[in-house]
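Every number here is computed from the coordinates shown, using simple stated rules; none is lab data. No experiment lies behind these values; they were computed from the predicted model shown. Positions of Cβ are backbone-derived with ideal geometry, glycine not excepted, and every protein chain shown enters the neighbour counts.
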Amino acid sequence: MRRTPWATYVWPGLPQLWSHGAWSGLFFAIGFAALVNLGLATSLLWSELFTPAMRILVWLAVGGFWVISAVFSYRWHRQYPVGLVTAWSEGQFRQAVAHYLKGDWFEAEHVLVGLLQRDPRDVDATLMLATLLRHTRRLGEAGACLSRLERLDGAEKWELEIRRERELLQAASMSRLDQDGAGNSEPAVEGTEKQKHPQGQKPAQAA
């Protein structure tokens, strides 16, 4: 997991949203944006509709919201130290790799899904999950996982691996189509044989 840049603490809710994709962070960020927009509107656009006292009150609300969010972010940061979270994520990822190498697909997927629930922007876990889904023949899910990975920040470091996974996924899809085509052709052959030998008639025995 990546460290949370200190610049994110300038905007309320952004640290939680950046590090864990927490809904609480999203609500804080949207709420603060709404208050700032309201303050700008009362001061610049509709200043004649609001008294100076009302404008001051709006900006006091903006400042109070920012202070409350800063305290919340500070407590959140103490509760979830970045170093400990990173160590936990690395340990979980190593565990997923161990399961993967042993062919324990279910256990590996369980660990990877847990990592991505904690940090949806974990590019390493996303790439491994896409590879695992391809191995277990869940090709549609693997393709969607790769598409999601390509939109993540930091995915460029796995550009070659992602391209290789796309090629392997395409090859697996073509192989499945060929197998499905071969399977669909068997009933037609059987039907042809039945037409050649109607019911009640047996084919002549070879001499």
May I ask you to sort 54, 128 by Cβ crowding, counting other Cβ atoms within 10 Å and putting the fewest first? 54, 128
The range 128-167: radius of gyration over Cα atoms, expressed as a fraction of 2.2 N^0.38 Å: 1.06
Using a 10 Å cut-off on Cβ atoms, rank the peptides 152-164, 104-116 from the highest mean neighbour count down. 104-116, 152-164
